[in-house]
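These notes concern the structure reproduced below.
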Amino acid sequence: MNLRRDVFQAIADPTRRAILLLVASQSMTAGAIASNFDTARPTVSKHLQILTECKLLEQEQNGREVYYHFNPNKMKEIAEWLMPFTKMWDDRYNKLEAVMKKYKPKK
């Protein structure tokens, strides 16, 4: 059974989230990315492949080097999915804050 990977599967792994944070600030080669981790380079390459398949990263060939770029548009898919939860949490925190403002400790 060959399941199509999606952004949620990609960000489920802490190493892939760390790679996204690295590449979000600047484009990097696979070797430069791998140098930030204590794992074998083929392991990092597999993570890069998954992130590329999910379109969270894009590749650009520059001579012999392949640079990985962060794709912020794909992150919108995650943000849009989280939006209802964010609203729910904000509402709950606001209600808690209102209760706490009314609370007066006994002396």
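The values are calculated or read from the model by the stated rules, or taken from the named source; none is laboratory data. What you see is a predicted model; the values in this text were computed from it and never measured. In this analysis, Cβ positions are derived from the backbone assuming ideal geometry, glycine residues included, and neighbour counts consider all displayed protein chains. For accessibility, only protein heavy atoms count, side chains too; no ligands or nucleic acids. Shrake-Rupley method; radii C 1.70, N 1.55, O 1.52, S 1.80 Å.
Within region 50-85, the set of residues being open to solvent by less than 80 Å² (accessible area, probe 1.4 Å) and farther than 20 Å from A24 by Cβ comprises G63, F85.
Please determine, by comparing only the residues of region 19-39 that are more than 18 Å from G63 (Cβ to Cβ) and in contact with a strand residue (DSSP E or B) (Cβ under 6 Å, 6 or more places away or on another chain), which one is surrounded by the fewest Cβ atoms within 10 Å (Cβ to Cβ). Only one residue tops the list, namely A24.
For region 55-67, the criterion of a residue being within 19 Å of A10 (Cα to Cα) and either over 25 Å from the mean Cα position of the chain (by Cα) or among the hydrophobic types (A, V, I, L, M, F, W, C) (or both) is satisfied by at least one position. The C-beta contact set for region 43-58 (first residue closer than 20 Å to N73 by Cβ, second residue in a strand (DSSP E or B) and open to solvent by less than 40 Å² (accessible area, probe 1.4 Å), distance under 9 angstrom, 6+ apart or interchain) comprises L48/L57; L48/Y68; L51/L57; L51/Y68; T52/Y68; L57/Y68; E58/Y68.
Based on this model, can you work out whether A10 counts as more than 29 Å from E80 (Cα to Cα) and either open to solvent by 70 Å² or more (accessible area, probe 1.4 Å) or in contact with a Leu (Cβ under 8 Å, 6 or more places away or on another chain) (or both)? It is false that A10 is more than 29 Å from E80 (Cα to Cα) and either open to solvent by 70 Å² or more (accessible area, probe 1.4 Å) or in contact with a Leu (Cβ under 8 Å, 6 or more places away or on another chain) (or both).
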